[in-house]
Amino acid sequence: MGLMAGKKGLIVGLANDHSISWGIAQALHREGAELGFNYASEAFERRVRPLAESVGARLIEPCDVTSDAAIDALMARTREVFGQIDFLIHGVAFANKDELNGPYLKTTRAGFALAMDVSVYSLTALVKAADPLLAPGASILTLTYHGAQKVITNYNVMGVAKAALEASVRYLAADLGPRGIRVNAISAGPIRTLAASGIGGFRAMHKSFAEQAPLRRNVTIDDVGNAALWLCSDLSSAVTGEVLYVDAGFNIMGLAVEG
Ligand code: 0WE
């Protein structure tokens, strides 16, 4: 019997087979979960649909998370297909590319608002709309990055957004805790996803990361998937409001010098 047998849930933010959400989807599917997916736009559908079908998804719906109407439509379909849900995975982030390099100071009001809307408010909006569908004991999970806590060159407005996302996790955990519903985040080490592609210096960052991390390696979507499986399963039943680092230990280091 799989750890997730009899559990159903939504994965919001799958883009392609490099997505962290895909690592999570595969781990949950392996343990018997029933999965539903969104795609952000028609451009994404071509990649999302075959992946979703390969894990037997019965629900594959369009949903642009900046639209309350689109979120309501997604949750209406989810109610029809699944009734209640036991987990909700949020793996969505976006900032303007030109604000992910150079000084943070050049961030525009519009760029700040966009990053906050897509990368932060979307979690609250999804949880709000999913609220009536959440089964007692449900688990909500989002993805964050160490740039929320410490300055990481070029991460800029996304760091500010992830700090707000981590705070949202705590407030949502406090709201939903009385119903036994848990809300957590995984802070993953850098992974070559669509969101990371086109970022200048990513290769150098990857190399330096593996040299400095205690485990001396990078992190895979399977590493994150297995940690997510634990947070979505009943094995983590007293864990809520947490940010779990899945980063080969990178975040514990102060100054790393070759030993
Ligand atoms: O959270 C992320 C990715 C965030 C992201 C990336 C992009 C690139 C393409 C959000 N929006 C966009 N918009 C685009 O047009 N990561 C943790 C990966 C990441 O992104 C970085 C990183 C790391 C690591 C950006 C700068 C520096 C480091």
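The values are calculated or read from the model by the stated rules, or taken from the named source; none is laboratory data. Note that the coordinates shown come from a computational prediction; the quantities given were computed from them, not determined experimentally. Cβ atoms come from the backbone with ideal geometry, glycine included; neighbour counts cover every protein chain shown. Only protein heavy atoms, including side chains, enter the accessible area calculation; ligands, DNA and RNA are left aside. Shrake-Rupley method; radii C 1.70, N 1.55, O 1.52, S 1.80 Å.
Some observations on this one:
- Pairs are defined by a Cβ separation below 6 Å, a sequence spacing of at least 6 or placement on different chains, a first member in the stretch 181-204 that is at pLDDT 90 or above, and a second member that is open to solvent by 50 Å² or more (accessible area, probe 1.4 Å) and within 9 Å of the ligand (Cβ to nearest atom); the pairs so defined are PRO190/MET205.
- Which numbered condition ARG182 misses (of (1) among the charged types (D, E, K, R); (2) crowded, with 20+ Cβ neighbours inside 10 Å; (3) within 28 Å of ARG217 (Cα to Cα)): (3)
- Scanning the stretch 42-97 for residues that are within 22 Å of VAL118 (Cα to Cα), open to solvent by less than 30 Å² (accessible area, probe 1.4 Å) and part of a helix (DSSP H, G or I) yields a count of 6.
- Within the stretch 216-231, not a single residue is at pLDDT 95 or above, near the ligand (Cβ under 9 Å from one of its atoms), touching a strand residue (DSSP E or B) at 6+ places or on another chain (Cβ under 6 Å) and open to solvent by less than 60 Å² (accessible area, probe 1.4 Å).
- So GLY111, is it open to solvent by less than 50 Å² (accessible area, probe 1.4 Å) and either within 12 Å of the ligand (Cβ to nearest atom) or closer than 21 Å to SER41 by Cβ (or both): yes
- Among the residues of the stretch 68-102, those identified as within 13 Å of the ligand (Cβ to nearest atom) and more than 26 Å from GLN26 (Cα to Cα) are ALA95, ASN96, LYS97, ASP98, GLU99, LEU100, ASN101, GLY102.
- Every residue from the stretch 19-41 that is crowded, with 22+ Cβ neighbours inside 10 Å and part of a strand (DSSP E or B): LEU35, GLY36, PHE37, ASN38, TYR39
- Any hit, the stretch 205-212, residues being within 12 Å of the ligand (Cβ to nearest atom), at pLDDT below 95 and assigned to a loop (DSSP other than H, G, I, E, B): no
- Among the residues making up the stretch 1-18, a single one is open to solvent by less than 10 Å² (accessible area, probe 1.4 Å) and more than 24 Å from ASP72 (Cα to Cα): MET4.
Residues are listed down the side, and each one gets a yes or a no for (1) in a helix (DSSP H, G or I); (2) within 12 Å of the ligand (Cβ to nearest atom); (3) open to solvent by less than 20 Å² (accessible area, probe 1.4 Å):
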residue	(1), (2), (3)
ALA130	yes, no, yes
ALA135	no, no, yes
SER139	no, no, yes
LEU165	yes, yes, yes
ARG170	yes, no, no
SER187	no, yes, yes
ARG203	yes, yes, no
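- Sub-8 Å Cβ pairs linking a first residue in the stretch 17-37 that is aliphatic (A, V, I, L, M) to a second residue that is modelled with pLDDT under 95 and surrounded by 22 or more Cβ atoms within 10 Å (Cβ to Cβ), at least 6 apart or interchain, number zero.
- Flag if SER197 is within 13 Å of the ligand (Cβ to nearest atom), open to solvent by 10 Å² or more (accessible area, probe 1.4 Å) and either outside any loop (DSSP other than H, G, I, E, B) or out of contact with any helix residue (DSSP H, G or I) (no Cβ under 8 Å at 6 or more places or on another chain) (or both): yes
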